[in-house]
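Undergrad: Please read through the structure below; I'll follow up with questions.
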Amino acid sequence: MASEREIIIRTALRLCLLVLLLSLGACQQGESGFRATDITGAAFGRDFALADHAGRPRTLADFRGKVVVMFFGFTHCPDVCPTTLAELAVAVKNLGTDGDRVQVLLVTVDPERDTPQVLSQYVTAFDPRFLALRGTSDETARVAKEFKIIYQKVAGARPESYTMDHSAGTYIFDPQGRLRVYVSYGQGPEVFAHDIALLLQQS
């Protein structure tokens, strides 16, 4: 029977292969204009059902008409999450008034520590328009599976000092609610702003 670590490694390899194949397909088409990876037509990441940090139930349909930028993380994240949120804050600001047509969503993979209050204070510190989404452990697992996200708890020196390993990429939906772009970690605010603007122009 495969160990948990082996299952995670296999899943990570499948995700990397999927992104590579989608990227090659986008290069062959050469028509999308995206700077990140074009994943238009992907058979995953179709929807979610979670509560936002104000306690309101949310699905993708709630944000129809906006470009939705969605990634998975947690508030105790030391680098990936604050870096991604900071890049998105710059990107949205650089879009000017079009920034109001963008909804950034952080899905926590650590609902145990990330209470609604903690999430609210965290995401709105980057931009008051940003939202965090939270579910039970089972709901989080279902949404992560739908979006091919890998995450696991890593024990710390004390029970409460654990951290979370998680996939670091970001998904972008067009205003019609279709998954269009995958942005790998560290590409910078310019890539976000360019691809978001392109989707807004196409709507």
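The values are calculated or read from the model by the stated rules, or taken from the named source; none is laboratory data. It should be emphasised that the depicted structure is a prediction, and the values quoted were computed from it without experimental measurement. Don't worry about glycine lacking a Cβ; one is built from the backbone with ideal geometry, like all the others, and counts go over all protein chains shown. These area figures cover heavy atoms from the full protein model, side chains too; ligands, DNA and RNA do not enter into them. Shrake-Rupley method; radii C 1.70, N 1.55, O 1.52, S 1.80 Å.
Undergrad: Condition first: of a type in the set (Phe, Trp, Tyr), under 22 Å from Ile150 (Cα atoms) and open to solvent by less than 10 Å² (accessible area, probe 1.4 Å). Now tell me which residues in segment 164-203 satisfy that.
TA: Taking segment 164-203 first, the residues of a type in the set (Phe, Trp, Tyr) are 171, 173, 182, 185, 192.
Pick out the ones that are also under 22 Å from Ile150 (Cα atoms) and you get 171, 173, 182, 185.
Residues satisfying the conditions are Tyr171, Phe173.
Undergrad: Of all residues in segment 177-203, how many are more than 17 Å from Leu85 (Cα to Cα) and in a helix (DSSP H, G or I)?
TA: 6
Undergrad: On to the next question. Which of the following residues is open to solvent by less than 50 Å² (accessible area, probe 1.4 Å), closer than 16 Å to Phe173 by Cα, in contact (Cβ under 8 Å) with a residue 12 or more places away in the chain and under 14 Å from the mean Cα position of the chain (by Cα): Phe63, Phe44, Phe34?
TA: Numbers: Phe63 fails: under 14 Å from the mean Cα position of the chain (by Cα); Phe34 fails: under 14 Å from the mean Cα position of the chain (by Cα).
Going through Phe63, Phe44, Phe34 in turn, the sole match is Phe44.
Undergrad: Further question: Regarding segment 148-165, can at least one residue be identified that is under 19 Å from Thr40 (Cα atoms) and either without any contact (Cβ under 8 Å) to a residue 60 or more places away in the chain or touching a helix residue (DSSP H, G or I) at 6+ places or on another chain (Cβ under 9 Å) (or both)? Full working, then the answer.
TA: First, the residues of segment 148-165 that are under 19 Å from Thr40 (Cα atoms): 148-149.
Keeping just the survivors that are either without any contact (Cβ under 8 Å) to a residue 60 or more places away in the chain or touching a helix residue (DSSP H, G or I) at 6+ places or on another chain (Cβ under 9 Å) (or both) gives 148-149.
Within segment 148-165, one or more residues are under 19 Å from Thr40 (Cα atoms) and either without any contact (Cβ under 8 Å) to a residue 60 or more places away in the chain or touching a helix residue (DSSP H, G or I) at 6+ places or on another chain (Cβ under 9 Å) (or both).
Undergrad: So, in segment 97-128, how many residues would count as being within 17 Å of Thr75 (Cα to Cα) and either open to solvent by 10 Å² or more (accessible area, probe 1.4 Å) or free of Cβ contacts under 8 Å to residues at least 12 places away in the same chain (or both)?
TA: Initial filter on segment 97-128 (within 17 Å of Thr75 (Cα to Cα)): 104-128.
Right, trim to either open to solvent by 10 Å² or more (accessible area, probe 1.4 Å) or free of Cβ contacts under 8 Å to residues at least 12 places away in the same chain (or both) and you get 111-113, 115-118, 120-122, 124-128.
Total satisfying the criteria: 15.
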